[in-house]
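Data block below; observations after.
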């Protein structure tokens with residue numbers, strides 16, 4: 001029974017005192033176990049603001065370019081980049097003459113995207129915005145896009161519904177999301193064994209599964225196209241990757257800081273994870289990581 005249904009049961013029909021007490025206890029328990037999204041987002045904000053994600057984000061630029069090609073935007077299209085980070089999708093769509101609004105709830109990431117857009121002479125609007133509460137009217141964008149961004153929101157269903165809400169009928173949502181069995185999916189699991197995620201928050205990698213995407217977006221969509229692709233992580237060595245990620249990638253950076261004496265064990269596990277996926281034979285690192293390229297057309 002959902003909380004609203006339970007409340008209706010309490011107020012809408014005669015019940016015994018014992019039954020009412022049981023249902024009140026059930027509602028209280030559900031409320032207590034519901035994730036505190038405000039607190040979770042505050043911690044996430046601090047994590048993504050730590051290090052310097054832009055140093056890593058720029059290496060993923062090709063995924064933004066390929067996503068823009070898959071989305072096939074018309075010049076002049078109004079595009080919203082949700083959880084845009086340092087602007088990979090933002091720049092890709094702006095290079096195709098779209099009117100892009102780039103958003104994130106971490107202002108330092110937007111600053112990196114703004115610097116990149118200014119360096120290229122691209123006219124982009126940058127605004128701090130929460131993906132779970134987008135400050136835009138219904139049906140106000142032709143496209144809503146995200147590369148490895150919106151998938152990290154804690155209230156996943158709310159973010160998905162917000163993307164659909166601000167999209168006009170016939171418009172398209174375009175996303176690149178890591179999959180559960182990808183290298184990055186396994187890296188998340190490795191981190192989770194050392195620094196458990198907040199209770200009640202589902203894996204970000206659900207956004208890379210066809211079942212979850214269909215569950216969130218099928219109602220109200222005309223078409224969902226999902227294509228599995230690979231991004232290649234290329235580093236001078238496994239240790240080079242570890243050093244870069246623990247220095248610049250916010251969630252990994254924060255995990256190492258939090259673990260203290262436990263940091264060496266996390267580093268050893270990350271090294272083991274990398275080596276399981278590494279296909280380089282010359283001492284360098286070449287790790288393909290699967291992701292889902294998704295284009296959804298709203299009905």
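The values are calculated or read from the model by the stated rules, or taken from the named source; none is laboratory data. Because the structure is predicted, anything quoted here is derived from the model rather than measured. Neighbour counts run over all protein chains shown; Cβ positions are idealised from the backbone, glycine included.
Miscellaneous remarks
- Inclusion of residue 159 among residues that are touching a residue at least 40 places away in the same chain (Cβ under 8 Å) and surrounded by fewer than 20 Cβ atoms within 10 Å (Cβ to Cβ) is not warranted.
- Number of positions in the range 181-196 that are surrounded by fewer than 15 Cβ atoms within 10 Å (Cβ to Cβ) and part of a loop (DSSP other than H, G, I, E, B): 2
- Any chance residue 224 is closer than 14 Å to residue 174 by Cα, within 19 Å of the chain's Cα centre (by Cα) and outside any helix (DSSP H, G or I): yes
- Of all residues making up the range 247-296, the number that are crowded, with 16+ Cβ neighbours inside 10 Å, in a strand (DSSP E or B) and within 24 Å of the chain's Cα centre (by Cα): 9
- Qualifying residue in the range 83-101 (condition: out of contact with any helix residue (DSSP H, G or I) (no Cβ under 6 Å at 6 or more places or on another chain), surrounded by fewer than 24 Cβ atoms within 10 Å (Cβ to Cβ) and within 17 Å of residue 150 (Cα to Cα)): yes
- Residue satisfying all of: in the range 60-71; in contact (Cβ under 8 Å) with a residue 24 or more places away in the chain and either outside the structural domain of residue 242 (by TED's automatic domain parsing) or more than 17 Å from the chain's Cα centre (by Cα) (or both); surrounded by the fewest Cβ atoms within 10 Å (Cβ to Cβ) among these: 62
- Within the range 72-88, being touching a strand residue (DSSP E or B) at 6+ places or on another chain (Cβ under 9 Å) and more than 18 Å from residue 131 (Cβ to Cβ) holds for 72, 73, 74, 76, 77.
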